[in-house]
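Beneath this line is the structure, given in structure tokens, with notes to follow.
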Amino acid sequence: MARLSVHHEPLMRPRPNGIRHLALAFALLLGTTAGLAAQEAESDSAYFAQHYIKREERIAVRDGVRLFTSVYVPRDAAPGRRYPILLQRTPFSAGPYGAAAYPRTPAPSPFMLRDGYIFVTQEVRGRYLSEGTFQNVRPLLADSVRTRDPRATDEATDAWDTIEWLVRNLPAQNGRVGLLGVSYGGYYAAAAALSGHPALAASSLQAPVMDFFFEDFHHNGALLQGHFYAYPVFGVARPAPTPSHWWLPEFQRVAAQGMDDDYAWQLALGPLRTITTRIYPQNVWWREMVDHPDYDAFWRARSIPPRLNRVPHPVLVVGGWFDAENLYGTLAAYRGLRARGPGAQVSLAMGPWAHRGWMERGVERTTHGDLEFGAGLEAAYQRDVEAAFFRAHLKGGDGSAPGALMFDTGRKRWERFDGWPSPDAERVSFHLGADGSLATSPRPGGPAFVEYVSDPHRPVPSRCSGPTIEDGSLTGYMSADQRCFTRRPDVIVFQTDTLNADLTFGGELAARLWVSTTGTDADFVVKLIDVYPSAHPDAPDPAARLDGYQQLVRGEIMRGRYRESFSAPVPFRPGRVAEVSFRLPDVFHTFRRGHRLMVQVQSSWFPLFDRNPQTFVPSIYQAREADFVRAAHRVWTGPSRASRLEAQVLARRSGGR
């Protein structure tokens, strides 16, 4: 992968106050970003209109459905001059509509805009001006490439037919097609990559949707209730092909309620069944969630990672360590592509970004919450990684061997690996002690467990202050200060001694708990936290100016009923010890000398995730108010039941890129 040219100077910035207008949340749901510098955007738009000609096409696929497609061809395309095609298929709008109307941000970056491509954006079937019926993460056929039914369709066949039309009908194209998809668009790019069209030469899956049961709408079986306001976008049936946002009235109706204090408002709603009856009685996507609470055939048919080992061409996977929506999908896509074996041509780039953060333009300093990570990271990625990748594979430029370009969020610098996780990573266990310790070996003696009481009527908040959805995004919680939670009796805390040397977590992360409960169901949340030292304002380490800060490095929830299988939930037997093990998303973070590691364990995280009633019922979507009860939970810590956090740790590394 190309070398990044960036300048880093980590600083602290003040937390922004309040939440912005509803329009920002609306823009987020449309798949746009908010950090664009107006002057740069105007310059790009002017360049685009001067150097590209727009065409609007309705491309017929094999069953006769016509898909609305915007095509932008360089004006200097002449006999003998050819350009590669960059195709993006999206469930969002491909507007603005009309041959004379150009989008404000036409290309993935100003660098690719000036490199020269035929940019193609297509609305998938059933969305906006495309014909047909939309289906959320429409399942792929058993074999999209060799299906013998000429009218059998899925997103892979739609992509094949589109690419075939483009290479036959655009005389300025050079015979090479690239795919790019971000977020939900990443699902469509992955499906298109699986089409096997011979013109496909490269793809980039960026924070792609891979499996909605484990990302976006669920985490390990728990409902991501923080996406409460997103259901209208994909759950309101479109009456007819239209350029307008037909789902907007329902979105405005829902988003007008409770956004300033989503904890109190959503708690007052009561059980999820109330959302079904009062908020989303006709919403198709919500109904599908309610009808499929477990990981059944409905979800398995929509899971893409097991198929990705069939993709033969080079793929660049991109994501952000603070992506609250599709961090799972990014890492799952990379693992699925690498399953092809030694012949896999897959690269990974992970930066200190929230969802879509790497796409922003005009960013002076890369920040997340109270933290800063350096200057110029977005532009450097767009120039030295993304543009270089497509140039190499679509234009015949210089390329580099696949690898992993990863940003260490503790040291605040890039490092390069041959693959991820690094084969040099060592697995280390950090044992939870009943005395509140966190150590690499169990401490002998003392109590065998730590107990706390969880009350679903008083769940642990997602953040110390402010709404879960801030600035139209869930992302704020992912690096937020956790100090307020150490004082809660329903959160148990374990921490190391002060570190006398840097300690780098780099790779996979898993929680292995032994628990018992007085109830019959329970959730378990595990948080990994970087505890900053208390220091004087003139401390040489800029991070130390975050005096006593407790930065969330990684957190994840596990719905206990799924501890044996996500397809077949089972209750806890009161008082009986059971193992609850689950993976947290990968991490690359150096805990600096003078800091401490902390682990917090709790049984609610609301309204980021829905509440567990702590009474086992067939489906929590159908739980009644009477099912929600207090329960005492024990986390066992003795030698034979050593609850712990298991991490991949990297030896101290010098340099960095």
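Of note:
- None of P342, P306 is at pLDDT 95 or above and either surrounded by fewer than 23 Cβ atoms within 10 Å (Cβ to Cβ) or more than 29 Å from D408 (Cβ to Cβ) (or both) except P306.
- Test for A448: is it in contact with a Phe, Trp or Tyr (Cβ under 7 Å, 6 or more places away or on another chain), in contact (Cβ under 8 Å) with a residue 12 or more places away in the chain and open to solvent by 10 Å² or more (accessible area, probe 1.4 Å): yes
So that you can scan it fast, the table gives a plain yes or no per residue for (1) over 29 Å from R82 (Cα atoms); (2) small (G, A, S); (3) open to solvent by 50 Å² or more (accessible area, probe 1.4 Å):
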| site | (1), (2), (3) |
| --- | --- |
| V363 | yes, no, no |
| T367 | yes, no, no |
| Y381 | no, no, no |
| D384 | no, no, no |
| G397 | no, yes, no |
| S400 | no, yes, yes |
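- Which listed residue, of S204, S183, is within 16 Å of the chain's Cα centre (by Cα), on the phi > 0 side of the Ramachandran plot and at pLDDT 95 or above: S183
- Qualifying residue in the stretch 471-482 (condition: open to solvent by 40 Å² or more (accessible area, probe 1.4 Å) and at pLDDT below 95): yes
- Across the stretch 265-275, the qualifying residues are those that are in contact (Cβ under 8 Å) with a residue 12 or more places away in the chain and over 26 Å from the mean Cα position of the chain (by Cα), and the one among them that is most open to solvent (accessible area, probe 1.4 Å) is R273.
- Count of residues meeting criterion [part of a loop (DSSP other than H, G, I, E, B) and either aliphatic (A, V, I, L, M) or over 19 Å from Q206 (Cα atoms) (or both)] in the stretch 339-380: 13
- In the stretch 160-172 there is at least one residue that is over 11 Å from R89 (Cβ atoms), touching a residue at least 60 places away in the same chain (Cβ under 8 Å) and of a type in the set (G, A, S).
- Within the stretch 490-534, strands (runs of 3 or more DSSP E) holding 3 or more residues that are closer than 28 Å to P421 by Cβ, in contact with a strand residue (DSSP E or B) (Cβ under 8 Å, 6 or more places away or on another chain) and open to solvent by 10 Å² or more (accessible area, probe 1.4 Å): 503-517
- Selected residue (criterion: nearest to Q495 (Cα to Cα)) from residues of the stretch 414-432 that are among the charged types (D, E, K, R) and surrounded by fewer than 19 Cβ atoms within 10 Å (Cβ to Cβ): R427
- Qualifying residues in the stretch 209-264 (those that are surrounded by 17 or more Cβ atoms within 10 Å (Cβ to Cβ) and polar (S, T, N, Q)) - the one nearest to P96 (Cα to Cα): Q225
- Looking only at residues in the stretch 131-152 that are within 28 Å of the chain's Cα centre (by Cα) and more than 18 Å from L179 (Cβ to Cβ), the one that is most open to solvent (accessible area, probe 1.4 Å) is T133.
- Hits in the stretch 270-318 (condition: part of a loop (DSSP other than H, G, I, E, B) and of a type in the set (S, T, Y)): Y280, Y295, S303
- Any chance T468 is open to solvent by less than 60 Å² (accessible area, probe 1.4 Å), touching a residue at least 24 places away in the same chain (Cβ under 8 Å), in contact with a helix residue (DSSP H, G or I) (Cβ under 8 Å, 6 or more places away or on another chain) and not in a strand (DSSP E or B): yes
- The combined condition, being closer than 19 Å to R559 by Cβ, out of contact with any helix residue (DSSP H, G or I) (no Cβ under 6 Å at 6 or more places or on another chain) and of a type in the set (S, T, N, Q), is not fulfilled by N174.
The values are calculated or read from the model by the stated rules, or taken from the named source; none is laboratory data. Predicted, not measured: the structure shown is a model, and the values here were computed from it. A quick note on method: Cβ atoms are made from the backbone with ideal geometry, for glycine too, and the neighbour counts reach across all protein chains shown. Accessible surface is based on the protein model in full, side chains and every heavy atom, while ligands, DNA and RNA are left aside. Shrake-Rupley method; radii C 1.70, N 1.55, O 1.52, S 1.80 Å.
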